[in-house]
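Structure first, commentary second.
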Amino acid sequence: MKARKGIKALLNKRLFRTAASAVLYSEEHSLRGIDRRIMGPHFLSRIFNPRSVAVIGASERPNALGTLVFGNLIDAGFKGELYPVNPRHETVQGRKAYPDVEAIGRPVDMVVVATPARTVPGILRHCGEHGVRGAVVLSAGFAESGRVGKRLEQEVMEIAKEYDLRLIGPNCLGIIRPSRGMNATFSKNRALPGNLALVSQSGAICTGILDWAESQEIGFSAVVSMGDASDVDFGDVLDYLALDRETRSILVYVEGVRNARRFMSGLRAAARMKPVIVVKSGRHAEGSRAAMSHTGALVGADDVFAAALERAGAVRAMTIQQLFSAARILSSGYRIEGNRLAIVTNAGGPGVMATDRAVELDITMAQLSAATMESLNKALPAQWSHGNPVDLLGDADAERFESGLKACLDDDGVDGTIVMLTPQAMTDPLGVAQAITPLTRKAQKPVLACWMGDNQVRAAREHFTKERLPHFTTPEASVEAFAYLAAHKRNQRLLLQVPSPLSDRTRTDVQGARLIIESALSEGRKVLSTMESKAILSAFRIPVTQTMRANTPSEVLVAAGTVGYPVAMKIDSPDITHKSDVQGVRLNIASADSVRSAFQTMIDDARRLRPDARINGVTIERMHKSTYGRELMVGVLRDPVFGPVISFGAGGTSVEVIKDRAVALPPLNEVIIEGMIARTKVARLLKEFRNMPAVDDEALEQVLLRVSEMVCELPEIQDMDINPLIADERGLAAVDARISVDYPPSMPDRYAHMAIHPYPAHLVNNWQLPDGINLTIRPIRPEDARIEQEFVRNLSPEARYFRFMQAVHELTPHMLVRFTQIDYDREMALIAVREQPDGSELQIAVARYTANPDQQSCEFGLVVADEWQGRGIGSHLMNELMDVARSRGLRTMEGEVLTQNTNMIALMHRLGFTSRNSTEDDGIKVVSKRL
């Protein structure tokens, strides 16, 4: 009772100082605070926000690395303690120098290492022994320098792991944090304070962007040069920036990705919270080779990388200029519901150029409504264009621009508008800019400005910059910027897709398919026969044509008679991928005599054209009859970076020439499949045209879903071709298939072979309370945002405070995103729900953990609705959660509990947790358990 009164007093004192406020703290502050209580401070805080920095190798030698970086830290006005470390000097650049970190005698959060590569291992070991936990290693001479450099890199990583010392680099430009006055780089550029974060694999790209941005008065929240990314990689940095309150948009320059799962994990976490724009070099084969030699990182196929960005919710730019165009428009706060564009211009030519670019980017030119046309007719001269683009004519004044823009913004069929101006004899560029600005402030739709020219429009551009109105210099750039809004909207929709790996396990014979693969591998074969390949497809309920194998003329006759004429005959060889290359395909064979002669001819041709190939015989299958069939191809390929990728496109013998394919990372669902098919040229042939009925799109969707299931459940599959897949109005059938397999690496996670972890449907289970009430225990989903919000809203003030340790009345939109759109690879949230009479679900409890960066331990949180407490739900959820953590290879689970929360502490003790007082807060107990 006393504890309860104590909590009420605490709540009254700390939580409800402002009764009118639903949430005491700002959304970002609350989110960061709650996230800290779930996960603890991010390990990169020691690098992004250090209280003290030591520069090892600080110098006064002109243009030396240590001279430049230490000078930059002084010039930037670093807001913490700054120590030069150089045993050869008593002072460096007017500051007292120290022979090593130990001699400083005070805590050092981060070191910047600017010494030769051979000295780095010893330096980092010394730093680790004396409590340093963050480092930026500028030194070159590691992975990029051959065998000796790689050995040095390995030694550095072993030392870093031993002392829990996280490092950026080596071979990097460094890091800039303008708000902290921290320029820990050797660049001669400076970064203005702002809200854009730049993360680049190339230091040269950083300096180029910084130079350009300074002239454009574009500021940054952080600039990070990754270098070799031996330890901290893109995923780690993006994960930090996702919750960095100084960062509103993130720009990323990528050459290659080392760890696809970590990259996707960090990218998805960041893109959920703020716009992320990515430029990737090495889009073509020649560029890819250059990127590999530059960074040592693997580079995957460019369309696979694009598909990965789409699934992560990020937006891709192709050039550095486009990178900033995208950042400018996405960081403006504009969002759109569709891609219908209106253009208002005082010159027809630029309007046409903008329209052409819109068509190329699949942007829809808005059809203006009758009401809009009437409004424009009243406001504009009779000679106006009477359509979209809205040509106001060359003598348009500010009032005419204002009328044209207002009419377009009022049209429900318009999602966004570009206002374009060319300086003509009667044009007032600044006056027009000032006239349209009030409309843009009130508009609920994006308005982009394109003022073409230079001297005459300079004042107008300065006005736009001051008013934070996105503005561009060319028609194409302005349309591309609008396209980024549309792409962001589309990719955010894909980000929310969390498909289950298997929709109906009872009807899919996963074990049977696995036995076929294991049998082939045990025989030393990595290419399955046609019959084996089709058997696996059948196990996943993909329709196939009946196939029989024959090795002699007699067997051919029996097989043909069994399946029924006419038949198709194909050479059977594990060494021949394209059968038509060796004249190994015969179609529409209608008689026994033809079958026998074709068999011998085919065998002879194959042996002549491919004497090295193993010829097992032929396969016989009944010809698939389809009057209106379309030849398609569905495939699986193994990208060297992102793992299994599913492709779809036109099929047949000319597939390599046509090159019509769209790719997506598994797992797939209906939304992803719809977009995947729409990106192909063959998509138009699938619809009804002339005398051709539309194909059965539901059957096609099911095939792609089944292939996605195969990829998820069979990590042995390396690549697969279903070609042709014949589709018509009655359904479809896989006429030919080829699957290659290999032994998968041993991993604790059943989906470790995939870049995106699917929804873990295997963790869904039913549980009955002692009083007979049935509950469902399952992982949380993005669509659970509503029931999660209701759950937190209905908790008592005490329960909310026990859980979040701060004043939270209900979860804000950002918090809901953070709690429901989780990364199943590194975190888990199990919710207990009860089905309501109307079929909806009521959430009554949640237990979650988040893995720490060491991938060995995790931190948990648990809360049960007040009226459901004391019924064993918390114990059951925690046991389930610990089982998941064990299966992921985690060894320790830890959490923070308020000392007043005696019930929770007692529950933890019953579950085998030990408790100790927190070293940071005497009102908190730290509970932990070895798993």
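Values quoted throughout were computed directly from the atomic coordinates according to the rules given, and no laboratory measurement underlies them. Predicted model, so just to flag it, every value in this text is computed and none were measured. When we count neighbours, we look across all protein chains shown, and the Cβ atoms used for this are built from the backbone with ideal geometry, even at glycine.
The figures follow:
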{"read-out": "Cβ crowding within 10 Å averaged over residues, with 425-434, 341-350, 751-760 ranked highest first", "value": "341-350, 751-760, 425-434"}
{"read-out": "Electrostatic dipole magnitude of the range 505-620 [Cβ: Lys, Arg +1; Asp, Glu -1; Cα centre; debye, to 20]", "value": "340"}
{"read-out": "Partner lysines for residue 579 [C-alpha distance under 16 Å; skip if fewer than 8 residues away on the same chain]", "value": "570"}
{"read-out": "For the chain: relative contact order, % (alpha-carbon pairs under 8 angstrom, 6 or more apart)", "value": "8"}
{"read-out": "Order of 634, 55, 558 - criterion: other Cβ atoms within 10 Å of each residue's Cβ, fewest first", "value": "558, 634, 55"}
{"read-out": "³J(HN,Hα) computed for each position of the range 212-224 - Karplus, 6.51 cos²θ - 1.76 cosθ + 1.60, integer Hz, glycine/proline x", "value": "5, 5, 4, 5, 8, 6, 9, x, 10, 8, 6, 10, 10"}
{"read-out": "Ratio of the Cα radius of gyration of the range 816-931 to 2.2 N^0.38 Å, where N counts its residues", "value": "1.10"}
{"read-out": "Nearby aspartates and glutamates by direct alpha-carbon distance to residue 406 (threshold 18 angstrom, same-chain neighbours under 8 apart not counted)", "value": "374, 391, 397, 415"}
{"read-out": "Exposure proxy order (Cβ contacts within 10 Å, fewest to most) of 899, 601", "value": "601, 899"}
{"read-out": "Listed residue pairs exceeding 29 Å between alpha carbons, taken from 280/526; 625/687; 274/687; 79/925", "value": "280/526; 274/687; 79/925"}
{"read-out": "Contour excess over end-to-end distance, with Cα ends at residue 867 and residue 378 and 0.36 nm allotted per residue", "value": "169.6 nm"}
{"read-out": "Proximal aspartates and glutamates relative to residue 96, as straight alpha-carbon distance under 14 Å, when same-chain residues fewer than 8 apart are discounted", "value": "60, 81"}
{"read-out": "CD proxy at 222 nm, helix term only [per DSSP H run n ≥ 4: -39500 (n - 2.57); per residue of the chain; nearest 500]", "value": "-11500 deg cm²/dmol"}
{"read-out": "Cβ-based charge dipole, the chain, positive-most Cα from 599, 725, 486", "value": "486"}
{"read-out": "Fully extended contour minus Cα-Cα distance, from residue 914 to residue 442, at 0.36 nm per residue", "value": "164.2 nm"}
{"read-out": "Cβ-based charge dipole, the chain, positive-most Cα from 156, 611, 589", "value": "156"}
{"read-out": "Taking 225, 522 and counting other C-beta atoms within 10 Å, the order from fewest to most", "value": "522, 225"}
{"read-out": "Dipole of the chain, positive end: most advanced residue of 861, 666, 103 [Cβ charges, Cα centre]", "value": "103"}
{"read-out": "Cα point-scatterer Debye curve for the chain, base-10 log of I(q)/I(0) at q = 0.05, 0.06, 0.08, 0.10 Å⁻¹", "value": "-0.37, -0.53, -0.93, -1.30"}
{"read-out": "Loop GluC sites (Glu not before Pro), the range 208-268 (other Cβ atoms within 10 Å of the site Cβ: 16 or fewer; DSSP)", "value": "217"}
{"read-out": "Net charge of neighbours whose Cβ lies under 12 Å from the Cβ of residue 598, counting Lys and Arg as +1 and Asp and Glu as -1", "value": "0"}
{"read-out": "Rounded to the nearest 20 debye, dipole of the range 692-801 from Cβ charges on Lys, Arg, Asp, Glu", "value": "520"}
{"read-out": "Separation of alpha-carbon centers, the range 80-127 and the range 157-185, rounded to whole Å", "value": "14"}
{"read-out": "DSSP bridge orientation in the range 43-171 - percent antiparallel, rounded to nearest 5", "value": "10"}
{"read-out": "Net charge dipole size for the chain [Lys, Arg +1 and Asp, Glu -1 on Cβ; Debye, nearest 20]", "value": "2040"}
{"read-out": "Among beta bridges that DSSP assigns inside the chain, antiparallel share in %, nearest 5", "value": "60"}
